[in-house]
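Since the structure comes first, as structure tokens, the remarks are kept for the end.
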Amino acid sequence: LRAIVNVWIGRKLVALAERTKTQSDDVAAKALVSPLGWVLPTVGAYLALRILAEGHEDVLAISGKVFLVVITLVATWTVFKFIDAWSILALEQSDRSATPLDNTLIPTLRKALKVFTAIVVFVVVVQNLGYSVSGLLGALGVGGLAMALAAKDTLANLFGGVTILID
């Protein structure tokens, strides 16, 4: 079923994306096909395990957590692929403009979005596994404040550079 869905949806999306001149929609179409193919086996395995482990609450609880983690990772993989597609689209658009700023700013923004997404996903996965993340978030806040005070001049230069780039 996974192979059928991948081939059928993949052909439809790739054919639709090839009608345009941009490369970003081709990347977005391919980005959607690979993770979507992993949703069906994951859901199938989870439902089969729920039927087979009926009456064993500990197995059902663990399988539910594993299912949430796997689905979250598949969704994260999809988001990462869409961030790559967005960056390709933005670079294609920046090639039409005369400013070289976009060619520097877009890869940096792409990496920052991926790091931010990874941090958010890590916090969500840890929370779904039943651990309290409030202490972790508090420690990150205090640690961030300490680093900001220690690297005050560096951060001032960084924000100054970003302000100059934006202007």
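The values are calculated or read from the model by the stated rules, or taken from the named source; none is laboratory data. Note that the structure is a prediction, hence the values are computed from the model and not measured. In this analysis, Cβ positions are derived from the backbone assuming ideal geometry, glycine residues included, and neighbour counts consider all displayed protein chains. We work out accessible area using only protein heavy atoms, side chains counted, and drop any ligands, DNA or RNA first. Shrake-Rupley method; radii C 1.70, N 1.55, O 1.52, S 1.80 Å.
Worth a mention:
- Residue 113 contributes an accessible area of around 70 Å² to the protein surface, as traced by a 1.4 Å probe with all chains present.
- For a straight C-alpha distance cut-off of 30 angstrom, the lysines reachable from residue 30 (same-chain residues fewer than eight places away being disregarded) are 12, 21, 65, 81, 111, 114.
- Rel. contact order, % - alpha carbon contacts under 8 angstrom, at least six apart, segment 1-133: 25 percent
- Pair residue 68, residue 51: separation of 7 Å Cα→Cβ label points (nm): 2.5 nm
- If you plug the beta carbon distance of residue 8 and residue 132 into 1/(1 + (r/R0)^6) with R0 = 41 Å, you get a FRET efficiency near 0.40.
- Among 25, 84, 58: highest mean-square fluctuation, GNM of the chain, C-alpha pairs under 10 Å: 58
- Measuring max minus min along each principal axis, the C-alpha atoms of the chain give extents of 62, 50, 12 Å (largest first).
- Estimated FRET transfer efficiency when R0 is 25 angstrom, pair residue 153-residue 116 (beta carbons, to 0.05): 0.55
- Within the listed set 71, 51, 83, the Gaussian network model of the chain (springs between alpha-carbon atoms below 10 Å) gives the highest mean-square fluctuation for 51.
- With K and R counted +1 and D and E -1, the other residues having a Cβ less than 9 Å from that of residue 60 yield a net charge of -2.
- Computed log₁₀ I(q)/I(0) - Debye formula, equal Cα scatterers, no solvent, segment 49-113, q 0.25, 0.28 Å⁻¹: -0.98, -1.08
- Remark: the chain carries 69 Å² of accessible area per residue (probe radius 1.4 Å; ligands, DNA and RNA excluded).
- With all protein chains modelled, accessible area of residue 2 [1.4 Å, Å²]: 90 Å²
- Surface share of carbon and sulfur [accessible, 1.4 angstrom probe, percent] for the chain: 71 percent
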